[in-house]
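Written below as structure tokens is the structure these notes are about.
What follows draws every value from the coordinates through simple rules; no lab data is involved. Predicted model, so just to flag it, every value in this text is computed and none were measured. Cβ sites come from the backbone with ideal geometry, for glycine too, and all protein chains shown count toward neighbours.
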């Protein structure tokens with residue numbers, strides 16, 4: 001990554017305009033030619049280390065903002081949204097997108113947010129919930145679900161706990177008791193029928209439900225430790241996100257505390273070494289770190305430490321109705337996860353048929369990208385007083401181009417093997433002759449011929 005070229009033309013242009021400078025005036029301040037500055041603002045030239053230093057000296061700003069995500073996810077993010085059949089007749093090419101980002105980065109970001117906001121609906125959330133959840137998801141994706149400072153602090157604490165005791169749960173419980181005067185008490189379900197965790201500040205007790213399995217108890221104890229010992233770091237991240245709704249701040253705070261708890265259970269360096277030495281063996285990782293499948297799956301999406309990166313996994317959690325309750329694209333940028341509707345031909349849905357079994361599949365999207373995916377059911381250790389319990393499927397995946405190190409890919413021809421052709425939901429998919437189609441694609445004229453019956457009642461005009 002040290003050799004990666006940094007293109008940040010839109011941010012330089014915004015900085016110049018905010019400073020009220022012409023290109024000639026700013027170029028003089030930076031000791032470069034106006035034509036060279038024009039190339040930089042057009043993303044035709046990268047920023048050099050020397051130029052970044054001059055920018056930070058001449059203008060009062062943090063150079064780290066230059067590495068933040070481009071508006072709308074940059075050219076690839078805009079291309080993904082414009083691939084919607086709604087825009088099929090516009091024929092917008094890459095050059096136009098570059099010009100758009102260079103000339104109106106704010107407009108590109110506004111379009112992206114509006115598109116995501118409208119697409120996020122899909123009947124999944126009401127307006128108030130969508131307002132609270134969507135900004136949190138955007139912020140997590142902006143960080144690629146990797147928080148280096150939280151990981152480093154959690155790793156230090158994990159090392160201290162490991163030296164103190166072999167039992168991580170017991171070590172966390174002892175740390176809470178001796179350093180923070182909080183004891184852990186396991187309560188029967190009749191006492192806590194509708195809660196898994198509760199902090200009683202009056203009694204100085206962290207009360208956990210007996211329904212939690214050992215991995216979940218450790219996680220909840222780590223979650224409480226995060227709220228105390230990583231409080232300032234978490235609050236700084238929440239404040240920096242700039243949410244407009246308090247409920248969004250609370251959701252993000254909860255995510256970060258959970259991230260910290262998982263980082264204590266699966267310390268970055270040790271976990272990455274275990275991943276690489278075992279071929280990312282999911283069962284072994286669960287046993288070695290005393291974690292559940294969903295916890296391991298989530299942790300796999302966070303391994304993006306500079307100089308020590310793991311494979312860029314995505315993760316998604318679905319219910320039987322196909323609704324998404326968790327999704328982390330991480331560094332994968334997988335449209336498979338970022339899309340708001342799933343394709344029924346993706347066998348992540350089939351995992352409900354055999355609870356606990358692993359389903360693997362090689363899939364190919366319309367853009368030609370191939371992905372190797374793994375799916376398995378999970379059952380949260382909770383139920384309502386009436387006995388109703390939940391069941392979800394957790395899906396993991398990564399680009400087939402880099403999936404060879406996974407032990408679970410043995411016997412799969414990742415390069416030339418047959419892949420299941422899938423789309424990003426029927427309304428976004430323009431594959432013809434799909435017998436599973438349940439809706440026509442947006443932007444395509446429907447065909448209705450009385451003398452014929454196609455594989456689907458939603459035949460449409462092809463390009």
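Values as computed for the structure displayed
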read-out	value
Span per principal axis, largest first, for the Cα atoms of region 9-67 (Å)	25, 23, 18
FRET efficiency, 1/(1 + (r/R0)^6) with R0 30 Å, evaluated for residue 178 and residue 254 via beta carbons	0.70
Gyration tensor (alpha-carbon) shape descriptor, region 148-265, a/c threshold 1.5	oblate
Gain upon complete extension [residue 455, residue 58; 0.36 nm per residue less C-alpha separation]	136.4 nm
Residue 113 versus residue 163: modelled label distance in nm, points set 7 Å from Cα along the beta carbon direction	4.7 nm
Value of relative contact order over the chain, rounded to a whole percent, pairs C-alpha under 8 Å and six or more apart	11 percent
Residues listed by number, region 337-372, amide nitrogen under 17 Å from residue 379 label point at 7 Å toward C-beta	351-358
Length gained when the stretch residue 21-residue 239 is fully extended (0.36 nm per residue, less Cα-Cα span)	75.4 nm
Estimated FRET transfer efficiency (residue 185, residue 14; beta-carbon r; R0 41 Å; 0.05)	0.15
Packing-based exposure ordering (other Cβ within 10 Å, fewest first) of 202, 350	202, 350
16 Å cut-off, amide nitrogen to a point 7 angstrom out along residue 204 Cα→Cβ, residues in region 169-188	173-185
Rounded if a/c under 1.5, otherwise prolate or oblate - region 399-463, Cα gyration tensor axes	prolate
Order of 183, 430, 239 under a 10 Å beta carbon neighbour criterion, fewest first	239, 183, 430
Distance from region 252-291 to region 157-204 (C-alpha centre basis), Å	20 Å
Residue order, fewest to most beta carbons within 10 Å, for 146, 180	180, 146
Percentage relative contact order, region 296-421, counting C-alpha pairs under 8 Å, at least six apart	23 percent
Prolate/oblate/rounded call for region 206-260, Cα gyration tensor, a/c under 1.5 rounded	prolate
Segment residue 326-residue 44, length gained on full extension (0.36 nm per residue, minus Cα span)	97.8 nm
